[in-house]
1. Counting every Cα pair in the stretch B:48-301, what percent are over 25 Å apart?
2. Would you pull out the residues with amide H under 5 Å of A:SER148's amide H, same chain only if 5 or more places away, H placed 1.01 Å from N?
3. What relative contact order, as a whole-number percentage, does chain A give when Cα pairs under 8 Å and 6 or more residues apart are counted?
4. Looking only at other chains, what is the average number of their beta-carbon atoms within 10 angstrom of each beta-carbon in B:89-95?
5. Enumerate the amide H contacts of B:ASP87 below 5 Å, restricted to partners 5 or more residues apart or on another chain; note that Pro and chain-start residues carry no placed amide H.
6. Based on a Kirkwood Rh over C-alpha pairs, give the Stokes-Einstein translational diffusion coefficient of the stretch B:357-444 at 37 °C and viscosity 0.692 mPa s in µm²/s.
7. Quantify how strongly other chains surround peptide A:70-76 by giving the mean number of their Cβ atoms within 10 Å of each of its Cβ atoms.
8. Between the stretch B:319-381 and the stretch B:210-267, what's the alpha-carbon centroid distance in Å?
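The values are calculated or read from the model by the stated rules, or taken from the named source; none is laboratory data. Predicted model, so just to flag it, every value in this text is computed and none were measured. Cβ coordinates were reconstructed from backbone atoms using ideal geometry, including for glycine residues, and neighbour counts include every protein chain displayed. Accessible surface areas use protein heavy atoms only, side chains included; no ligands, DNA or RNA. Shrake-Rupley method; radii C 1.70, N 1.55, O 1.52, S 1.80 Å.
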Amino acid sequence: MTDTTPTREKPIVALFATCLVDLFRPNVGLATVRLLEQAGFAVEVPQQQTCCGQPAYNSGDDDRAAALARQVIRQFERYSYVVVPSGSCAGTIITHYPELLRGDKEWQDAAYRLAERTWELTRFLTEVSGQQTEVPAEYAGRITYHDSCSGLRELNIRQQPRTLLSAVKGLELVEMEERDTCCGFGGTFCIKYPEISERMVSNKVEAIRQTGAETLLAGDLGCLMNMAGRMQRLNVPVRAYHVAEVLAGMTDVPAIGEEENR
Amino acid sequence: MQFSPQQFKPQARAALQDQDLQQALSRAKSGFIDKRRVAVEAFDDFEALRERGKRIRNHALEHMDIYLERLEAQVQAAGGHVHWAEDAEQARAIILELCHKASAKRVTKSKTMVGEEIGINEAMEADGLEVVETDLGEYIIQLAEEPPSHIIAPAIHKTRQQITELFDRYHHRGELKKKLREIPELVNEAREVLREKFLTADVGITGANFLIAETGSIALVTNEGNADLTHTLPRMHISISGIDKVVPTLEDASTLLRLLARSATGQEMSTYTTFVNGPRRDGDPDGPDEFHLVLLDNGRTRMLQGQFREMLRCIRCGACMNHCPVYAAVGGHAYGWVYPGPMGSVLTPLIVGLDKTRDLPHACTLNGRCASVCPVKIPLPKLLRQLRSEQYREGLMDSRNRLGLAFWGFFATRPRLYHTAAGLAIRVLHALSRGRGRFRRLPMAAGWTGSRDLPAPSRRTFQQVWKQQSKERGR
Ligand code: SF4
């Protein structure tokens, strides 16, 4: 990183990395930072962040989910922009926090304020930063893109990643059949109903395989881990990366679930 | 009617292993989806139509008492009778009594989900009546002695081979030797059998797609015309409907019918649409001597009052299940009762109780595709989530999940502790993966690794990497 401009002159973006990225794939977080910096923002990563609370919320444990929502609001409310490299975690903050905190006017207002300033990464890059045509990355090969459900249906993320990817040199996008059908991840669903989840992800893998793509991209690490894990179990030779990694030109690390010294 | 929503998990497992079922499901799925898409795209502004449908239903629910009273008055004015049933038992008693009064022996039926909901077939058969289903799909599953697996395509789980075998057994005493036959041939054969039944039935039972308050009519749509033969030929016509089906005007009904046909089967209009107004009048060429409308509550007024009211907008089109990847994987029987798929996973717990349906609200990834196609914009994932909250509050979640959540929540709400623990756990996991990048088996994560590899974490968490990089860069 050669950029030495003092950060205080640039608008600041807070990164909500998500718990999965934090725990499993730091490279997605780093790629997100690089993309935001390239777009002219200074990035801060509030250190106390843990999880958006989705596991509790989707399990019906509203009190615990609300506690996490308040924690996230407190940590991020001072920022004008909060960017999340995940449609489902961004969706939780944007569409579900206000709902979750509806019992408490003050907190609900705070939730609405945060919701207004929170962005899914690809949407932020195309709609706010306006840098979508100057993506300098290169990625040689044929990719296919999975539309993760929450991003797609809660936040309308569909065209944004494709717009960004169309500027990546050497990259060819082949759409799969039923690209907007759920991959069977569903958070705790895939563990509670493993057989149903297996069928769903197998269907997905078949659709991916049919495209002849060498690489699978998506905007949510949970779905990616699910699909990559199934492809590896079935020996389907398709590599999986988060879209941020390709956009940032940071695919020099092993793909998701791949051996380290490949 | 089978009642086993508690057995969702084993039933789903069995369904996934059932080759015939899987074959039938995969054939059905794309057909429904494609047809709906074509119909929706051909319509000028389907979104606006959905919005209108939603408003009509909301308004009708808001003033349900008024419209039901008007409906009753209009049905009576047309010479019909209205009966109110609080629950399934009352509804069955009313219908059996009507059949007795008509000295009925044979009853024809066109498809009614409320009929399934109250278990009317079993009750009538136990009472010595001969019950004949006249919808082709219903007829098939009646022969197979199975419940419907879909609200508009009850026999969708059957393959052509299975239907051929059934017809061979029942129509030809097994003499045709199971040669696979074409659909039109099977349809004609069933028609042949049913014709005689239509002509000799004493009572005809139908459902109702909508109840129209201003005219006292019931709207009936089919693609086979069987509902019309069911209600015009016998001496008595009994229509059973949930009270939620009432709408103010004919105009409202026609808007909803347009939504229904497109959402259900991708048609502009169902082949037969009929508005039934009371019994035969002087000068009518045909029609029954008596018309009875049985209106069922069965939990609906309770739903009207609470946070699940939106579910009552449902017009039973089946689009949500057609677009549900869980339904596509396991079919309708796994859900264990009348209403399968997303709408059933909301309705069933509300009708029969949360404690008997623990799996239903959870067996869903909350992917939201159902809500995106629902013609009356019911936020099904939101309602499923609300049911999960109710379950949690009522202590209906199993202790393992509850403990897991408490454990995770303990750390997640204590950031400092969380990051220390996470850093350690990640290091251990990374070491265990020995550079292979993934786990084929991991005892703590057997639910995951049973069917897929688990990507291993990197050596350090993002927070750790970030902290170090920041130091180096002097951020
Ligand atoms: S919930 Fe909506 S999509 Fe499902 S059957 Fe009812 S009206 Fe149709």
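1. The proportion of pairs with Cα distances above 25 Å equals 44 percent.
2. Amide H to amide H, under 5 Å and 5 or more residues apart or across chains, A:SER148 pairs with A:GLY219.
3. Relative contact order for chain A comes out at 18 percent.
4. So the per-residue partner count for this stretch is 0.
5. Excluding prolines and chain starts, which carry no amide H, the hits are B:ASP297, B:ASN298.
6. Once the numbers are plugged in, D ends up at 199 µm²/s.
7. 1
8. Rounded to whole Å, the Cα centres lie 24 Å apart.
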